[in-house]
4 protein chains.
Amino acid sequence: MADFIKFTSELKVDLMECSASDCHVMAAARVSTKGNEAKFDWTGEARTGLIKYLMSNRHGTPFEHNYFEFFISAPIFVFREFHRHRIGFSYNEESGRYKQLEPKFYIPARERDLMQVPGSKPGRYEYAPASDDDYRQVLSHLEESCVDAYEKYLEMLEHGVAKEVARMHLPVNIYSSMYVACNARSIMAFLSLRQKRTKREPSVLNASATEPWSIVYKGEAFFPSNPMKEINIVADKMEEFLAEKMPITWGAFKEAGYVAP
Amino acid sequence: MADFIKFTSELKVDLMECSASDCHVMAAARVSTKGNEAKFDWTGEARTGLIKYLMSNRHGTPFEHNYFEFFISAPIFVFREFHRHRIGFSYNEESGRYKQLEPKFYIPARERDLMQVPGSKPGRYEYAPASDDDYRQVLSHLEESCVDAYEKYLEMLEHGVAKEVARMHLPVNIYSSMYVACNARSIMAFLSLRQKRTKREPSVLNASATEPWSIVYKGEAFFPSNPMKEINIVADKMEEFLAEKMPITWGAFKEAGYVAP
Amino acid sequence: MADFIKFTSELKVDLMECSASDCHVMAAARVSTKGNEAKFDWTGEARTGLIKYLMSNRHGTPFEHNYFEFFISAPIFVFREFHRHRIGFSYNEESGRYKQLEPKFYIPARERDLMQVPGSKPGRYEYAPASDDDYRQVLSHLEESCVDAYEKYLEMLEHGVAKEVARMHLPVNIYSSMYVACNARSIMAFLSLRQKRTKREPSVLNASATEPWSIVYKGEAFFPSNPMKEINIVADKMEEFLAEKMPITWGAFKEAGYVAP
Amino acid sequence: MADFIKFTSELKVDLMECSASDCHVMAAARVSTKGNEAKFDWTGEARTGLIKYLMSNRHGTPFEHNYFEFFISAPIFVFREFHRHRIGFSYNEESGRYKQLEPKFYIPARERDLMQVPGSKPGRYEYAPASDDDYRQVLSHLEESCVDAYEKYLEMLEHGVAKEVARMHLPVNIYSSMYVACNARSIMAFLSLRQKRTKREPSVLNASATEPWSIVYKGEAFFPSNPMKEINIVADKMEEFLAEKMPITWGAFKEAGYVAP
C-alpha cells in the first residue's frame, strides 16, 4: 500500500510575485531629504553609496517599501521555525483541518550531517556525517514510521473521523505548503538568523575596511548563528531572489556583517 | 516677503505602485484547502462567495498578500494620527532634520465645519459650519501665525542655526510628505477607524441580510467612528484605490459593516 | 517499554505573572483628555462607562497597557495555530533541537466530537460524537503510532543521532510548552477567533440594546467562528484570567459582540 | 498675557509600572532546554553567562517577556520620532482634539549645540555651540512665536472654534504626554538607534575580547548613530531604568556593541 507515499529531501521556494529593486530603496530613502521631489523613476539606476550608508547606519525602513511573494513547500518542522518570524511576514498555509494532507514526507539527504558530536554544547551543537549504516537505519526508521502513520490516517478518514482528529499522529516531517508575503527588510532579518555564520574576526573586519565590499564573503558575520540545516536551505533560496532583485542591497547587507538594518 | 508662502486645503494620495487584486486573496486563501494546487492564475476571475466568506468570518491573513505603495502629502497633524497605525504599514517621511521644509501650510476649506457644537461630548463631538466672519478670522489667524513662523525659520537658517532647531516653532499644519507601503488588510483597518460612521441599526442589519450586499451604503457600520475630517479625506482617497484594485474585497468589507477582517 | 509513555487530554494554561486591571485601561485612556493629570491611582475604582465606550468605539490602544505572562502546555498542533498570532504576543517554546522531548502525547477526551458530519462544508464543518467502538479505535491508532515513534526516537538518540534529526517523525500531538507574553488587547483578538461562536441575530442585538450588558451570553457574536476544539479550550482558560483580572473590560468585550477593539 | 506660558528644556520619563528582571530573561530562555521544568523562581539569581550568550547570538525573544510602562512628557517633535518605533511599543497620547493643550513649550538648554557646522553631510551633521547672542536670538524667536500662536489658540477656543481646528498653527515644540508600554527588547532597539554612537574600531573590538565586558564604555558601537539631541536625552532616561531593573541584560547589550538582539 505504501508505494504511493513519497519521500524526498526537496525544499522548494518559488517567487510568485515581486515588486522590488534597489531603486525602491532609494525612492523611499530620498523622501527624507527631497520630500515631494523624491518621486523619481523607480526603474532608474541605483546609487551604491546611499544604500551602503543606509545599511551601515541601520536606517531600516527604506528597505520595507517593496514586496516579495513566495510559495514555499517544506516539512512542518521547518514551518514551525519559520512562523516565529512575526514582523513583516504574512502567512497562509495548507490546513490539516480542511484538507487531506498529501503522503509526502521529508527525509534527510545523504550529505546532511545526522550525528551529533558528543560533548558539543546546546546552541553550538556540532554535527558529523552518518556512516552508511547509520544513514540507512535513520531512513528506515523514518520511513516505517511515516508509512504506518499515514496508513492509519487514511483508515481513520475512510471511517469518517474528522481530518483534524485523524492527523494528530502525523509526524512533523510531513510536507506543508504556504504563501509568504514579505519585504527586503524582513528577508534580511530572516537571513541574519537562519543562515549559519561564524563570528567575523576583528582582524578580518580590519582588513575589510580597506577592501571593496563585494569581496566580503558569506560566513563572516558580527554575530554567529547556528540554524537548523533545513531552514538554512530555505533561507539560501530566499537569498538568491533577494540577490537577483536587489543586488546592491544584498551586497551592502553582506558588508554590514549580515546584521539586518 | 510672505507671498511665496502657499496656503492650501489639498490632501494628496498617489498610488505609486500596486500588486493587488481579488485573485491575490483567493490564491492565498486556497492554499489552505488546495495546498500545492493553489497556484492558479492570479489574473483569473475571482469568486465573490469565497471572499465574502473570508471577510464575514474574519479570516484576515489572505488579505495581506498584496502590496500598495502610496505617496501622501498632508500636514503634520494628519501624519501624527496616521503613524499611530503600526501594523502592516511602512513609512518613510520627509525629515525636518535633513531638509529645509517647504513653505506650504494647510488651511481648512470653506466647507469644513470649524465650530464645535457646545455641550457635545468628547469622543462624539459635533461640529457646525463657521459663519463667513468666523472663517475669515480663523484663516487670518492661521496665516499670520504661519507666515511669522516661517520667516523666523528662514532667518535662523540663514544665520547658521541647525535645521532641527530652527524648525521647533513651526506649526503642525506645515506640509510633509511620505511613502507608505501597506496591504489590503492594513488599509481596511485604517478605513474602519478613520472614516466617519454612525452605528448601523439592527433593523438595517436585518434588512441587509436579504438584500444584495452591493446596496449596503457607506455610513452604516457595526461600530461608530468619529475621525478628524482631514484624515477622513485621506482615508477616502485610499479607499478609492482599494475599490478600484480589489472591488470584491471592498464590497465584502462594506457588507461586513466596515469591520476589518 | 511503552509504559513510561503518557497519554493525556490535559491542556494547561498557568498565569505566571500579571500587571493588569481595568484601572490600567482607564489611566491609559485618560491621558488623551487629561494629559499630565492622568496619573491617578491604578488601584482605584474603574468606571464601566468609559471602558464600554472605548470598546464599542474600537479605541484599542488603552487595552495594551498591561501584561500577562502565561505558561502553556499543549500539543504541537495547538501551538501551530497559536503561533499564527503575530501581534502583541511574545513566545519562547521548548526546542526539539536542544532538548529531548518528553514522552507525553495528546489524545482526545471521550466527550470530544471525533467524527465529521458528512456533507458539512469547509470552514463550517460539523462534528459528531464517536461511538464507543470508534473512540477506542481512534485511541488505539494514536497510541500505537506514538509509542512506535517514540521508541524509534529513543533508539536513534542512543545511537548518537542528533535530536533535531531523530525527532523528524514525532507526531504533532506530542506535548510542548511555552511562555507567552501578551496584553488584554491581543488576548481579546485571540478569543475573538479561537472560541466557537454563532452569528448573533439582529433580533438579539436589538434586545441587548436595552438590556444590561452583563446578561449578553457567550455564543452570540457579530461574526461567527469555528475554531478547533483544542485551541478553544486553551482560549477559554485564558479568558478566565482576563475575566478575573479585568472584569469590566471582559464584560464590555462580550457586549461588543466579541469583536476585539 | 503671556506670563502664564511656560518655557522649559525638561524632558521627563517616569517609570509607572514594571515587571522586569534578568531572571525573567532566564525563565523564558530556559523553556527551550528545560520545558516544563523552566518554571524556577523569578526572583532568584540570574546567570551572566546565559544572558551574554543570548545577546551575542541574537536570540531576541527571551528579552520580550517583561513589561515597562513609562509616562513621558516631551514636545511633539520628539514624539514624532518616537512613534516611528512600531514593534513592541504601545502608545496612548494626549489629544489635541479632545483636550485644550497646556501652554508649555520646549526651548533648547544653553548647553545644547544649536548651530550646524557648515559643510557637514546629511546623516552625519555636526553641531556647534551657539554664541550668547545666537542663543538669545533663537530663544527670542521661539518664545515670540509660541506666545503669539498660543494667544491666537485661546482666542479661537473662546470664540467656539473646535479644538482640532484651533490647534493647527501650534508649533511642534509644544509639550505632549503619553503612556508607553514596552519591553526590554523594544527598549534596546530604541536605544540602538536613538543614542549617539560612533563606530567601534576593530582594534577596540579586539581589545574588548579579552577584557571584562563591564568596562566596554558607551559610545563604542558596531554601527554609528546620529540621533537628535532631545530624543537622545529621553533614551538615556529610559536606559537608566533598564540598567536598574535588568543590569546583566544591560551590560550584555553594551558588550554586544549596542546591537539589539
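The values are calculated or read from the model by the stated rules, or taken from the named source; none is laboratory data. None of these values were measured; they are calculated from a predicted model. Using ideal geometry, Cβ is built from the backbone for each residue, glycine included, and neighbour counts are taken over all protein chains shown. Accessible surface areas use protein heavy atoms only, side chains included; no ligands, DNA or RNA. Shrake-Rupley method; radii C 1.70, N 1.55, O 1.52, S 1.80 Å.
What the table below lists for this structure:
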{"item": "Residue D:16 long-range amide H proximity, modeled H, under 5 Å", "result": "D:69, D:70, D:71"}
{"item": "Cα pair count fraction exceeding 21 Å, expressed as % - the range D:1-120", "result": "61 percent"}
{"item": "For the range D:100-177: rounded, prolate or oblate by the Cα gyration tensor [a/c cutoff 1.5]", "result": "prolate"}
{"item": "Copies compared at residue A:3 - label distances in nm, ascending, label defined 7 Å from Cα in the Cβ direction", "result": "4.3, 9.3, 10.2"}
{"item": "Cβ charges +1 (Lys, Arg) and -1 (Asp, Glu), total dipole of chain C, debye", "result": "1140 debye"}
{"item": "Three principal axis lengths of the protein assembly as shown [C-alpha, angstrom, descending]", "result": "89, 75, 55"}
{"item": "C from A by rotation - nearest chain A beta carbon to the axis, in Å", "result": "A:86, 2"}
{"item": "Inter-copy spacing of residue A:237 label points, which lie 7 Å from Cα along Cα→Cβ, given in nm from shortest upward", "result": "3.6, 4.2, 5.1"}
{"item": "Per principal axis, descending, Cα span of chain A in whole Å", "result": "67, 44, 25"}
{"item": "Protein heavy-atom accessible area occluded, D/B pair - total, 1.4 Å probe, Å²", "result": "5100 Å²"}
{"item": "Shape of the range C:60-200, Cα gyration tensor, a/c cut at 1.5", "result": "oblate"}
{"item": "Dipole moment magnitude, nearest 20 debye, the protein assembly as shown about Cα centre, only Lys, Arg, Asp, Glu C-beta charged", "result": "0 debye"}
{"item": "Amide H partners (placed H, <5 Å) of residue D:104, local residues excluded", "result": "D:6, D:175"}
{"item": "Using a 7 Å Cα-to-Cβ projection, residue D:111 label spacings across copies, nm, ascending", "result": "5.6, 6.1, 6.8"}
{"item": "Shielding by other protein chains, C:172-182, mean Cβ within 10 Å", "result": "6"}
{"item": "Å² of accessible area per residue within chain B, as computed with a 1.4 Å probe and no ligands counted", "result": "36 Å²"}
{"item": "Of A:239, A:45, A:81, the one that fluctuates the most in a GNM where chain A has Cα springs shorter than 10 Å", "result": "A:45"}
{"item": "P(r) tail fraction, the range D:45-91 - alpha-carbon pairs more than 16 Å apart, %", "result": "58 percent"}
{"item": "Low-density loop positions, GluC sites (Glu not before Pro), the range D:91-150 - DSSP coil, at most 16 other Cβ in 10 Å", "result": "D:111, D:126"}
{"item": "Distant-in-sequence amide H partners of residue B:115 (H built 1.01 Å from N, under 5 Å)", "result": "B:128, B:130, D:162"}
{"item": "Solvent-accessible area, 1.4 Å probe, carbon plus sulfur percent, for the range B:221-261", "result": "51 percent"}
{"item": "Pair residue C:14, residue D:100: separation of 7 Å Cα→Cβ label points (nm)", "result": "5.4 nm"}
{"item": "Per-residue average of Cβ from other chains inside 10 Å of C:149-155", "result": "3"}
{"item": "Summed residue charge, Cβ within 10 Å of residue D:53's Cβ, Lys/Arg positive, Asp/Glu negative", "result": "+4"}
{"item": "³J(HN,Hα), Karplus 6.51/-1.76/1.60, whole Hz, each residue of the range D:80-86, x for Gly, Pro", "result": "4, 6, 4, 5, 6, 7, 8"}
{"item": "Members of B:254/C:121; D:12/D:163; A:12/C:229; C:152/D:52; B:237/D:196; A:254/D:52 lying beyond 29 Å, as alpha-carbon distances in this model show", "result": "A:12/C:229; C:152/D:52; B:237/D:196"}
